[in-house]
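Nothing in this text is a laboratory measurement; each read-out follows from the coordinates by a stated rule. Nothing here was measured: the structure is a model prediction, and the numbers come from that model. Ideal geometry is used to build each Cβ from the backbone, glycine not excepted, and the neighbour counts take in all protein chains shown.
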Amino acid sequence: MSRLRLFQFAVVASVILLLEALCFAGFIDKVTMPPPHIIVRDFFRMILAGRYFGEIAKSLANVLLAFAAAYVFGVVSGTILHRYKTARDVLDPLFATYYAIPVFAFYPLFIVMFGLGDGPQLLIGFLLAVVAVIVTTLNGLDRLPSVLKKTARVNRLNPLQTALRITLPFCAPYLLTAAKLALAYAFIGVIGSEFIMARAGMGYEISYAYTNFDNATMYPLILLILLLSIAANSVLSHWERVLLARRGQK
Amino acid sequence: MVAAQVTLRGVTKVFPSGAVGGGVHALGPIDIEIRRGEFFAVVGPSGCGKSTLLELIAGLTAPTQGDIEFEGHAIKENVPDGIGVVFQEDACFSWLNVSENIEFGLRQKNIGAAEKARRAAAVIDMMGLRDFAETYPAQLSGGMRQRVCIARTIVAEPRLILLDEPFGALDQQTRLLMGDEMLRLWRETGATVFLITHALDEAAMLADRIVVMSARPGKAVDLVETGWPRERDSRIVEHEKFGAITSRLWKTLREESLKTMGRMGSGP
């Protein structure tokens, strides 16, 4: 294990131990939060009992759907916008201020439009993720050196071959970054909207457990969301590191 | 008399500037004939349109006026088969290793996989890259990366190799060695080489003929025949004629460079 990894592990372990100590000493009361070891125990009980598997599957399916839609739409839109400067100039102010807009504020409108089904959650996940993908795709395409475009022409590649053999591989690290952002935003959008506009899903169950003081359900579900998002992000970050290291960029 | 491989007749290039009726007259009119198998160099002051000239011959841009022919066929904004280009900037594909970068030059060739591998291996050996075949460009020096780009160009066996200041980013020692390398490749491949450079000694050492271009819009103001034997290397700089050639190049170029700087020289 590298020195850096040891430090990272030490920081996480310290936080857990601190929480454990604060719970044990009574600074954090049991109604607010059980000690970490109890959360872990409840987590394994929940998993082994197969409780909430349906809710977990539903939430993850919606996260993946929102992520996939935002990613495909974002990459395609970014690629098209890159070719049309005027359209990009028109949309640039929107992209620059987009994340200042609280998308969740529109949830009453989405409920009126789509009801209490999965539609509004998917839409919020999609809306949160898509602009990050568009902006990151544009960033990658902007950085493609003109000498590589000339090299494509010298090698007599047609536009499709240029896109597949030069533009896409060059932009791969940016597209991975876009995937990381899209996944994180899709998680936030879907799980967050389940809290306020759903009758099922992990977010809804956490909210329901919270209103019923059911810490044995709420904290293990929060832990599960934490683990899932960290695991997905770690996989994408690993690929990103491999790509960048190969290119001498990290 | 050796036949002309590339012919430029009355070629001009004007870039639109955006202003109504305006434009930047970058080049010409210029007339040049490049003979098959020769090492031809172009020197000129900064901004005189040297790289534009190369892009016109490569078919990367179209002339505003005039005709350009490669082996008797007009070049019209498409890179003809048989032309390879090495740019000054690093054009290695960072996601491919050295071997894959070089094989990329054969992608559009209608030859079998075994033949591609054989030709790539031969060029890797010729360029002294055998030990780096699996290495990625990020792990190589600037000189080595440029060597990979040259290898990727020559593996396609072009009949005309266009070099746009390929050694511009390298230190003097590496430039001399790369010059030797280029002369060796020129002899071994039998291709015509067209070199754009701002280094007079490089042009005088490498080329059979050198065109000196005027300040913008670039026109051919002098043509120098070096008369070097085909078998030569960087030691040619010790030849008594070398100083006379570089002096002649500098005399013309100094006047043109001063025009570019917006003042005529009057000193010694």
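Computed about the Cα centre, the dipole magnitude for region A:34-246 is approximately 1140 debye when only Lys and Arg (+1) and Asp and Glu (-1) carry charge, each at its Cβ. With neighbours defined as other Cβ atoms within 10 Å of a residue's Cβ, the residues A:HIS238, B:HIS25 order from fewest to most as A:HIS238, B:HIS25.
Exposure proxy check: B:GLU165, B:GLU134 ranked by fewest other beta carbons within 10 Å? Walk me through the numbers on the way to the answer.
Numbers: B:GLU165 19, B:GLU134 9.
Ascending number of Cβ neighbours within 10 Å: B:GLU134, B:GLU165.
Within the straight-line cut-off of under 28 Å between alpha carbons, the lysines reachable from A:LYS58 are A:LYS180, sequence neighbours fewer than 8 places apart in one chain being disregarded. Only Lys, Arg, Asp and Glu carry charge here, each on its Cβ (+1 for the first two, -1 for the last two); on that basis region B:1-130 has a dipole of about 160 debye about its Cα centre.
Mind pulling the angle between the C-alpha long axis of helix B:172-189 and the longest principal axis of chain B? Nearest 10 degrees, somewhere in 0 to 90. That works out to roughly 70 degrees.
Think of it as helices only: each DSSP H run of n ≥ 4 in chain B is worth -39500 (n - 2.57), and spread over all residues that comes to -10500 deg cm²/dmol at 222 nm.
Against chain B, whose longest principal axis comes from its Cα atoms, helix B:142-154 is set at around 80 degrees.
If you wrap the tightest convex hull around every Cα atom of chain B and split its volume per residue, you get 151 Å³.
Within chain A, the whole DSSP H helices whose Cα atoms reach 24 Å or more along their own axis and whose mean Kyte-Doolittle score is at least -1.0 are A:3-25, A:53-83, A:119-142, A:168-197, A:215-246.
Expressed as a whole percent, how much of the Cα-Cα distance distribution for region A:1-80 exceeds 18 Å?
Details: 2148 of 3160 pairs.
Everything past 18 Å amounts to 68 percent.
Antiparallel DSSP bridges in chain B: what percent, to the nearest 5? Spell out each step's value before the answer.
Details: 20 of 38 bridges.
So the antiparallel bridges in chain B amount to around 55 percent.
When both region A:27-100 and region A:195-211 are represented by their alpha-carbon centers, they are found 15 Å apart.
Which of B:GLY143, B:PRO29, A:LEU181 sits closest to the plus end of the dipole of the protein assembly as shown, meaning its Cα is farthest towards the positive end, when Lys and Arg get +1 and Asp and Glu get -1 on the C-beta? Going by the Cα projections, it comes out as A:LEU181.
Between the helical axis of B:113-126 and the longest alpha-carbon principal axis of chain B there is an angle of about 60 degrees. Taking every alpha-carbon pair within region B:214-255, the share separated by more than 13 Å comes to 60 percent.
Are any of the pairs A:LYS149/B:LYS50; B:LYS13/B:LYS241; A:LYS149/B:LYS109; B:LYS50/B:LYS116; A:LYS149/B:LYS13; A:LYS150/B:LYS50 more than 24 Å apart by Cα-Cα distance, and if so, which? Walk me through the intermediate numbers first.
Values: A:LYS149/B:LYS50 20 Å; B:LYS13/B:LYS241 35 Å; A:LYS149/B:LYS109 19 Å; B:LYS50/B:LYS116 34 Å; A:LYS149/B:LYS13 21 Å; A:LYS150/B:LYS50 16 Å.
From the list (A:LYS149/B:LYS50; B:LYS13/B:LYS241; A:LYS149/B:LYS109; B:LYS50/B:LYS116; A:LYS149/B:LYS13; A:LYS150/B:LYS50), the Cα-Cα distance tops 24 Å for B:LYS13/B:LYS241; B:LYS50/B:LYS116.
Based on every Cα atom in region B:155-237, Rg and the maximum pairwise Cα distance Dmax equal 13.0, 36 Å.
Test of understanding: ordering B:LEU206, A:LEU127 by Cβ neighbours within 10 Å, fewest first, what list do you get?
On the way: B:LEU206 28, A:LEU127 19.
So the residues, fewest neighbours to most, are A:LEU127, B:LEU206.
For the pair A:ILE28 and A:THR86, label points projected 7 Å from Cα toward Cβ lie 5.8 nm apart.
Taking A:PHE24, A:PHE187, A:PHE195 in turn, the Gaussian network model of chain A (Cα-Cα springs below 10 Å) assigns the largest fluctuation to A:PHE24.
Stokes-Einstein diffusion for region B:91-157, with the hydrodynamic radius set to the Kirkwood value over Cα pairs and evaluated at 4 °C in a medium of 1.567 mPa s, equals 113 µm²/s.
For chymotrypsin sites (Phe, Trp or Tyr not before Pro), no site in region B:71-145 is both called loop by DSSP and has at most 11 other Cβ atoms within 10 Å. Under 16 Å of direct C-alpha separation, and excluding same-chain neighbours fewer than eight residues apart, B:LYS76 reaches these aspartates and glutamates: B:GLU55, B:ASP67.
Assuming 1.567 mPa s and 4 °C, estimate D for region A:133-244 with Stokes-Einstein, Rh taken as the Kirkwood radius over Cα pairs, in µm²/s.
Calculated translational D: 77 µm²/s.
Under 18 Å from a label point set 7 Å out along the Cα-to-Cβ vector of B:HIS73, the amide N atoms of region A:137-161 belong to A:153-158. Roughly speaking, what is the centre-to-centre gap between region B:128-172 and region B:58-97 when only Cα atoms are used, to the nearest Å? Value for the Cα centre distance between the two parts: 17 Å.
Note down the magnitude of the dipole of region B:91-157 about its Cα centre, charges +1 on Lys and Arg C-beta and -1 on Asp and Glu C-beta and zero elsewhere, to the nearest 20 debye.
Details: 9 positive and 7 negative charges, 32 e Å.
The calculation lands at about 160 debye.
Could you check what % of the DSSP bridge pairs in the protein assembly as shown are antiparallel, to the nearest 5?
Numbers: 20 of 38 bridges.
Of all bridge pairs located within the protein assembly as shown, approximately 55 percent are antiparallel.
With Cα atoms as the point set, the radius of gyration and Dmax of chain A evaluate to 22.0, 73 Å. Given 10 °C and 1.306 mPa s, compute D for region B:1-107 with the Stokes-Einstein relation, Rh being the Kirkwood radius over Cα pairs; round to the nearest whole µm²/s. Calculated translational D: 101 µm²/s.
Considering the protein assembly as shown at the alpha-carbon level, its Rg and Dmax are found to be 31.7, 100 Å.
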